[in-house]
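Input: a single structure, listed below in structure tokens.
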Ligand SMILES: Nc1ncnc2c1ncn2[C@@H]1O[C@H](COP(=O)(O)OP(=O)(O)OP(=O)(O)O)[C@@H](O)[C@H]1O
Ligand SMILES: [Mg+2]
């Protein structure tokens, strides 16, 4: 698939921008702070409904404007789909697909798939576990948009359960008796949504494992090997090998386990039971996918805290390349976005990465200096300066 046209209104630094795009490689170059990343951030937003740089939508709306609009014409199998998103910070965002506004923003997920490489990716390796959980969950949603709903359900139930635990903790401290009758109900909800998310994450990690290993080997021959380890907040003894989604399904279809939804849901319920005393003391949910970690091992050591800067970079790139391979294998070649990554790499890794992505159906590259774009990525060129995006080659 590819984006044939991108149109922005009051998005970031752009009052307006109209950018026609071709398949193949397109490079945006220009001095710092001119709006190169803003362009590709908008493309990424259409794919994920989130920015790769900030958590909320407010910074995406041009200073002084009330709302931002992103329009993208996405071509898949030669058929164009017009996706329009209106970002209204503090209020509900709106979406249109082929001019129909009878859709929710969530329905846009899956129409465009992107894999975005950016300097922020270093946080995948060096940052908090939340960064790695988001990596997994966003990839899950890119592969199966339905899971956006599961993820939302889980977050909602978690919030409600935490509120309940918190008020119970406060009541106990005040010497009153906590109202716990509804907690069991929330436990069941949380276990069900949590088990589904967990099963998909476990299977995803199993699928990524060989792809990350070979991508790392390509980028940094002789280094590694890499090993991904999904670490559950439930501790040891949880079935964490691939095939979890299938196992949960067959357990649920089997009848008896319907109320709990398979072995992972049962494990989550058990872990919540074991942690209940502590949870009531602290007033937060201590077990579940929101507390899990994706361990990134390099050789004998964890990458976080041990890997060198260059190794960490290669690991982050390998995670993105593996995502690309996986989405490609699903069908529907994703758009590759490389935001300012070449400046961070030495010549050899720069060339390796360029070779690995050069064949993509559409590759959008940003770089402050044109010389940073490797020769293997020859294609269309745009200059970005003073709010103008101009085709130069
Ligand atoms: N909401 C906003 N309203 C107005 N201007 C904004 C907004 N958000 C960001 N900007 C401006 O956009 C510019 C940053 O654009 P962008 O990140 O795309 O730069 P860039 O060309 O990628 O630069 P670099 O080469 O340094 O990566 C900054 O000058 C910033 O002030
Ligand atoms: Mg930039």
remark   = Of (1) in contact with a strand residue (DSSP E or B) (Cβ under 8 Å, 6 or more places away or on another chain); (2) surrounded by fewer than 23 Cβ atoms within 10 Å (Cβ to Cβ), residue 330 fails just (1)
query = Taking the stated definitions as given, is residue 133 under 15 Å from the mean Cα position of the chain (by Cα) and buried (at least 16 other Cβ atoms within 10 Å of the Cβ)?
reply = yes
ask   = All but one of (1) surrounded by 18 or more Cβ atoms within 10 Å (Cβ to Cβ); (2) more than 16 Å from ligand 2 (Cβ to nearest atom); (3) assigned to a loop (DSSP other than H, G, I, E, B) hold for residue 89; which doesn't?
value = (1)
task = Restricting attention to the range 333-355, report how many residues are assigned to a loop (DSSP other than H, G, I, E, B) and either more than 16 Å from ligand 1 (Cβ to nearest atom) or surrounded by fewer than 19 Cβ atoms within 10 Å (Cβ to Cβ) (or both).
result = 3
message = Condition first: within 11 Å of ligand 1 (Cβ to nearest atom), crowded, with 23+ Cβ neighbours inside 10 Å, within 25 Å of residue 149 (Cβ to Cβ) and in contact (Cβ under 8 Å) with a residue 12 or more places away in the chain. Can you find one or more residues in the range 23-45 that meet it?
response = yes
key: Criterion (in contact with a strand residue (DSSP E or B) (Cβ under 6 Å, 6 or more places away or on another chain), buried (at least 16 other Cβ atoms within 10 Å of the Cβ) and in contact (Cβ under 8 Å) with a residue 40 or more places away in the chain) met by exactly one of 142, 169, 118   = 118
ask   = For the range 272-292, does any single residue satisfy the condition of being surrounded by 19 or more Cβ atoms within 10 Å (Cβ to Cβ), modelled with pLDDT of 95 or more and touching a strand residue (DSSP E or B) at 6+ places or on another chain (Cβ under 8 Å)?
value = yes
ask   = For the range 356-387, how many residues are in a strand (DSSP E or B), within 12 Å of ligand 1 (Cβ to nearest atom) and over 26 Å from the mean Cα position of the chain (by Cα)?
value = 4
request  = Only one of these is part of a helix (DSSP H, G or I) and either touching a helix residue (DSSP H, G or I) at 6+ places or on another chain (Cβ under 7 Å) or surrounded by fewer than 18 Cβ atoms within 10 Å (Cβ to Cβ) (or both): 315, 306. Name it.
outcome  = 315
task = For the range 1-58, please list each of the strands (runs of 3 or more DSSP E) lying entirely inside it that holds at least 1 residues being within 11 Å of ligand 2 (Cβ to nearest atom) and in contact with a helix residue (DSSP H, G or I) (Cβ under 9 Å, 6 or more places away or on another chain).
result = 24-29
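The values are calculated or read from the model by the stated rules, or taken from the named source; none is laboratory data. As the structure is a prediction and not an experimental result, all values here were calculated from the model. Ideal geometry is used to build each Cβ from the backbone, glycine not excepted, and the neighbour counts take in all protein chains shown.
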